[in-house]
1. How far is it, in nm, from the label point at residue 91 to the one at residue 108 when both lie 7 Å from their Cα along the line to the Cβ?
2. So, in Å, what gap is there between the alpha-carbon centers of region 27-58 and region 172-209?
3. With just the Cα atoms defining each centre, how far is region 153-170 from region 70-147? Give it in Å.
4. At a 10 Å Cβ-Cβ cut-off, how would you order 94, 165, fewest neighbours first?
5. Calculate for the chain the 222 nm mean residue ellipticity that helices alone would give, adding -39,500 (n - 2.57) per DSSP H run of length 4 or more and normalising by residue count, nearest 500 deg cm²/dmol.
6. Counting DSSP beta bridges with both partners in region 3-203, what percentage is antiparallel, nearest 5?
7. Among 156, 179, what is the fewest-to-most ranking by other Cβ atoms within 10 Å?
8. Where does region 3-203 land on Rg/Rh, using Cα atoms and the Kirkwood Rh?
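Taken together, the values in this text are just the output of simple stated rules run on the coordinates, not laboratory data. Note that this is a predicted model, so its numbers are computed, not measured. Cβ coordinates were reconstructed from backbone atoms using ideal geometry, including for glycine residues, and neighbour counts include every protein chain displayed.
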């Protein structure tokens, strides 16, 4: 197996010692987009927020530093859930599950944060459809992905395990999952030298709307 293929597989499903190391490395690499995404989500005290693909729990720790919200960290990787639990303990709830099939009631969340996870959504937007179902009316979701034109230069992203997005395809994915065009904003942001990302903020209409 090539190094690029192995890295792509670990990014899709971190496991073992290498997965733990990769999680720490990704915390450093993702610090800037994570901070910008949390700023855009603007968690508030008392809200229930899902960190979809929570990794080591770095974003949840950052959110707790901003507001006393109720956090749920979900990740398919037991290695990442264990790392998040070590970081946050009882300050969050944890789910080891597919993001397309989370055992949570519909309309139970005020917000969803999804950092670097939509690469692994299926053709039917199963993850995004699940997030739309879980949001309450008036809730919002913020997602970050690295832009297609940046990722195409990375060997691991050419292994076929990552879905790549430009602004148009990311918008199409959100709309296909049920999010309203009028409540969807997508911004291209410079993350570092030669690295561009996409930040999406999608809202769900309130019942009174």
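1. That separation, rounded to one decimal, is 2.3 nm.
2. Value for the Cα centre distance between the two parts: 15 Å.
3. 20 Å
4. Ordered from fewest to most neighbouring Cβ atoms within 10 Å, 94, 165 come out as 94, 165.
5. -11000 deg cm²/dmol
6. If I count the DSSP bridges inside region 3-203, around 45 percent turn out antiparallel.
7. 156, 179
8. When Rh is taken as the Kirkwood radius, the ratio is 0.93.
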